[in-house]
Every structure is written in structure tokens, then in C-alpha cells.
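Structure, as C-alpha cells:
Just so it is clear, none of the values below were taken in a lab; they were calculated from the coordinates. Treat the numbers as computed from the prediction; the structure is a model and nothing was measured. We place every Cβ from the backbone using ideal geometry, glycine too, and count neighbours over all the protein chains shown.
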Amino acid sequence: MAPYDRLGYWGRPTSTLDWCEENYAVSFYIAEFWNTVSNLIMIVPPLYGALQTFRDGIEIRFVLAFLGIAAVGVGSWCFHMTLQYEMQVWVLPFFGISNLPLLCFWFFSDRYECFKQEKTVHFLLITILLGFSISVTLVYLQWKEPVFHQVVYGMLVSCLVLRSLFIVSWVYPNLRRLAYTSLAVFLLGFALWNIDNLFCSTLQSARKRVPPLVGAMTQFHALWHILTGLGSYLLTSTILHGLIRFFSLTKCFFVYGVWPVVHVDIDKTF
């Protein structure tokens, strides 16, 4: 964990979690600078995706999935910027409940292609996932054990990986390249996150011996934000692309040859 040897605008950290980045090392106003600004990738692209999805008249669950990712980014920004317990409590419900739309449409996706069930609402699965998210949040608020947070996140990542492998293997094999890319990005970020947790003291010592910009590249928690944000966006775009392709209404293009964007032909209807 990071030392408390610097005090900044928000005062002494009161959160139960304090990550490996040194506090107030870059800015007097931001407790963990790199861990904060790295959340931009979880805010800006998902907001664009939600806006584009809404304009194209696609189902609201896709809009909610993009907004859920953005909500996690905003909450994480506030938490890392302040390291105050109030911000930690505020971000936990977003972390749990905002994953609900993503998990819901990820689990429902094969029903379009395999069972031709269009615009169905599966209340049982929604109830289970909502109950899981709320339970995780309440347990963590009472227990305040960082390992519990890490285990639950690992379970979510494992669930998404296994479900993704099923989807691209049996339902949308033509989307394997984009899906495998998103999964690889997710898993790489998860690996860096664990390295940051396990070898914090080694990373902090290394940062003292290298230039600041080089040391920034060892901020593995910030890199985890970037890779998780990118992986979440890619996963959402992948399943969106696959579902709408079932109706022959979509195409995927790359902004500047890099960033994937799903475009729907609004002249057609469902």
C-alpha cells in the first residue's frame, strides 16, 4: 500500500483501500494522479457508445451497459482522487449494480441467434444478478475486507471470460477476432492488477530509481484501469455487433483505423 507521508487537498486518506501509487506525488489536488486520470478511458468512449446507441434507436439495455461502464469510471475517478471513505462507499454500488446491464445482455445474447427470442425480458436472471450485485455491495460495506473485493472481481472476470468463449465459439464464430482481443486485454489488465497488489514495495522502490515518466509505466493499477476500460468497451461492442448483425442492420468500422465503432443503418427497422 502507498505511504501516508504526503498530505494534499483532501487530507489524510480515510478509505479502507489505498493502492500502490504514492499519494499526492504528482498533484496537490489529486491523491493518486495516475490512478485517477486513467479512468478517462472508462468514461469518454462508453459515453460516446451510449449516445451513438441511443441515436440509432437500439434497445435501452445496450445504452445502460455503456452508461454502467461510464458510471464505474466516474466513481473510480472520485475515489482515487480523494481516497476518502465517503467516495469509496459511493463507488461500491456503481461497481456492483452497473455491471448488471452488461451481464444481462451478455447472458441473453445467444437467445437471439439460437432460439429466435426477440425482445424478451428474463426477470429471473435479472433478479439473480441484481441480488448478487446488491449482496456484494452490502457485504463489503460491513466486512471492509480488500481480499473480498479482489475475489469478487476475479469471479466476475472469470464469468465474462467463460461466457464470452461460449458465445464466440458456438453463436457468433465470425466475431472471434474482436472477442479474443477484448478478452486478452481484460486478462492482461487483471494480471497487472494482481502484480500491483503483490509486489507493491518492489514497484515503489523501482520508481525512485527511474525518471518520473518511466516510473509512470510501473503504475500497474492505472494500466489496469485502461485495459479494463478498453476491454469492457470492446466486449460491449462485440456483442452489440453480433446481435444487430442477426438483423443485418450493422457494420463495424474503425476510427483512425484503431478504435472500433458499431454503426446501425437507421433507415431500416427491427
Taking 25 Å as R0, compute the FRET efficiency from the Cβ-Cβ separation of residue 86 and residue 48 and round it to 0.05.
0.25
Could you order the peptides 225-233, 77-85 from most to least packed, using the average number of other C-beta atoms within 10 Å per residue?
225-233, 77-85
Can you tell me which of 48-56, 15-23 comes out highest on packing, and rank the rest after it, using the mean Cβ neighbours within 10 Å?
15-23, 48-56
Quick check for you: which residues of region 29-61 have the amide N under 20 Å from the point 7 Å beyond the Cα of residue 153 toward its beta carbon?
31-46
At a Förster distance of 25 Å, what's the computed FRET efficiency of residue 40 paired with residue 198, Cβ-Cβ distance as r, to 0.05?
0.40
Taking 22 Å as R0, compute the FRET efficiency from the Cβ-Cβ separation of residue 144 and residue 9 and round it to 0.05.
0.35
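List 155, 87 from most exposed to least, where exposure is judged by having the fewest other Cβ atoms within 10 Å. Can you show the working numbers first?
Working: 155 12, 87 21.
Lowest to highest Cβ neighbour count: 155, 87.
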